[in-house]
1. May I ask you to list the aspartates and glutamates whose Cα is less than 15 Å away from that of residue 16, ignoring any residue fewer than eight positions away on the same chain?
2. Under the 0.36 nm per residue contour assumption, what length would be gained going from the current alpha-carbon distance of residue 47 and residue 5 to full extension?
3. Would you please put 32-38, 15-21 in order of how densely packed they are, using the mean number of other Cβ atoms within 10 angstrom per residue and starting with the highest?
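Taken together, the values in this text are just the output of simple stated rules run on the coordinates, not laboratory data. The structure presented is a predicted model; accordingly, all values stated were derived computationally and were not measured. Neighbour counts are summed over all protein chains in view; Cβ atoms, including those assigned to glycine, are modelled from backbone coordinates with ideal geometry.
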Amino acid sequence: MKEHQKLINSVKKGDKIITNSGIFGKVTDIDEKENIVNLEIAADTEIKILKSYITDLVNKKEKKNKNKKK
């Protein structure tokens, strides 16, 4: 639980994330007061999700894979 909260608190505009329903997207805006994230899921297509529904950062996984290839 603490790790998930840490993850949620670290999310920032521009991060690529995965939701708990399997949707991949890029964070375009965060409303800290309402705990809502705007997520771009395709060109000119955005959805709003609750911040708590973020499961993981794609950026984190991409960085790990790049380091393994070196």
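1. Hits, sequence-local ones excluded: 29, 40, 46, 56, 62.
2. That works out to 13.0 nm of additional length.
3. Answer by packing, highest mean first, reads 15-21, 32-38.
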